[in-house]
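Engineer: I have a structure here, written as C-alpha cells, and I will follow up with some questions on it.
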Amino acid sequence: MLFPPSKFEDFLIKNDEKTILYYLMELNLIKRELICLKCCVATKLVKYTRNIDKFAWRCLNKDCGDYKKYFSVRYNSFFIKFKLSLENILRVVTKYACRQQLYSIKEALIFRGKLCRIY
C-alpha cells in the first residue's frame, strides 16, 4: 500500500513500531525472515526492549551456538547504519524526497527536544 506524502507521515505518526516494521517488510525494505547463519534455521521475530526498533530476530534452535541470540531487524537493509527510529528515518526521507528545504526538515523533526543532525 502506497501513500501520498502527507498521509504517509500521518501513518508513521499514528502507528506503532510493529505496524511500521510490517509495512517495511511488505515493501521489501526489511527482510520478512532471517535465517540464522550458524544453524540455517529461520529465526523468530520477537519483542526486544534494548533497541530503538522494539523488535529483533531471535534464534530459538536449542542446538545452535547462537541459541537465544538477538539479531537486528535492520540486518542487511538500507537502515542498518541509522541510529534513529524507523519512523523518524522515514519522515526525513519523505520530506527530503518532496524537496523540502533542509531548514524546514530540521524544524519539523525535533526528536525528544534535541535537533537531529541532518547533513
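Engineer: I need the fraction of alpha carbon pairs in the chain separated by more than 19 Å, rounded to a whole percent. Don't skip to the answer; put the middle values down first.
Structural biologist: Numbers: 3685 of 7021 pairs.
The answer is 52 percent, as a whole percent.
Engineer: Also, quick follow-up: Report, in deg cm²/dmol and to the nearest 500, the calculated mean residue ellipticity at 222 nm for the chain, where each DSSP H run with n ≥ 4 adds -39500 (n - 2.57) and the sum is divided by the residue count. Don't skip to the end; give the middle numbers.
Structural biologist: Details: 4 runs with 39 residues, N = 119.
My calculation for the chain gives -9500 deg cm²/dmol from helical runs alone.
Engineer: Another question about this same structure. Which residues in the range 69-91 have a backbone N closer than 19 Å to a point placed 7 Å from the Cα of residue 41 along the Cα-to-Cβ line?
Structural biologist: Counting only backbone N, you get 69-72.
Engineer: Using a 7 Å offset from the Cα along the Cα-to-Cβ direction at both residue 14 and residue 60, what is the distance between the two label points in nm, to one decimal?
Structural biologist: Each label point lies 7 Å from its Cα, and together they span 3.2 nm.
Throughout, read-outs are computed from the coordinates displayed, never taken from laboratory work. What you are looking at is a predicted structure, and each value in this text was computed from that prediction instead of being measured. Note that each Cβ is placed from the backbone with ideal geometry, even for glycine, and that neighbours are counted across all protein chains shown.
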